[in-house]
Amino acid sequence: MIFYTFIFLSLVIGFEAATCPEIVTRAQWGARTGRPVPAMRVPVSHVFIHHTDGATCNSKDSCSKVARQIQNYHIDVKKWRDIGYSFLVGGDGRIYEGRGWEKVGSHTLGYNARSIGISFMGKSSP
């Protein structure tokens, strides 16, 4: 699914050749162990694209830090079980694993159990 989203975005913004981006695992970005999250039936019927409306990043180190901040906010402030998104897209072009492919997210009320949530780290353009 991420690969197809990347291909679509590549075509829209005009990349000549699309390659699959690196996926940074939870262990690689230093994710906390969240509370257990229910399994999701796959394949899903929807994919939602979000933006975090927070800090931007441009390296694996800075994006890992932002991912940890987002996870801390979701767990400690919002009281969710874990980071809400299935995946995050960093300004460095890498994909950061959130809940992943097969765990119910916390990103789109009413659709979490049947969708993947992909969020771009940072603010949207005005």
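We did not get these values from a lab; they are worked out from the coordinates using the rules stated. What you see is a predicted model; the values in this text were computed from it and never measured. Every residue, glycine among them, receives a Cβ derived from its backbone with ideal geometry; neighbour counts consider all protein chains shown.
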First in the stretch 62-80 and of a type outside the set (A, V, I, L, M, F, W, C), second anywhere and assigned to a helix (DSSP H, G or I), Cβ under 8 Å, 6 or more apart
S64/Q28; S64/W29; R68/W29
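Taking strands (runs of 3 or more DSSP E) that fall entirely within the stretch 36-126, which contain at least 3 residues that are surrounded by fewer than 18 Cβ atoms within 10 Å (Cβ to Cβ)? Show your work before the answer.
Details: elements: 46-51, 87-89, 95-97, 115-120.
By residue number, 46-51.
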Test for S59: is it in contact with a Leu (Cβ under 8 Å, 6 or more places away or on another chain) and not charged (D, E, K, R)
no
